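The values are calculated or read from the model by the stated rules, or taken from the named source; none is laboratory data. Since the model is a prediction, treat every value here as computed from it, not as a measurement. Surface areas here come from the heavy atoms of the whole protein model, side chains and all, with no ligands, DNA or RNA. Shrake-Rupley method; radii C 1.70, N 1.55, O 1.52, S 1.80 Å.
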Amino acid sequence: PLPSLLLPLATSHQVVRSILQQRAVVGDDALHSTTVSGTVRHLWRTERLRGFYRGIVPHILRSTPQASITLVAYEYFHRIIIRER
């Protein structure tokens, strides 16, 4: 339950982080701020809540298989360790 509650915060954090990492001017679209608070304010003013979840679908498509493989591997090795006791 807790990880599912934290996913929206993590996703919006990743959007803000990637915007800050792209400090170069891309075409005519210059970054308006180089601080976290300035970037958050700019995102809220220009795109509202939708702006904080930009790219969530590719993120989920990329991270779900990885998390599934990790879970399967954990369960597999956990069962092996439990049997050896």
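State the extension gain, in nm to one decimal, for the chain segment bounded by ARG48 and HIS13, taking 0.36 nm per residue of separation less the distance between their alpha-carbons. Don't jump to the answer; show the numbers that get you there.
Values: separation 35, 0.36 × 35 = 12.60 nm, distance 1.47 nm.
Extra length available between ARG48 and HIS13 comes to 11.1 nm.
Solvent-accessible surface (1.4 Å probe) assigned to PHE52 amounts to roughly 20 Å².
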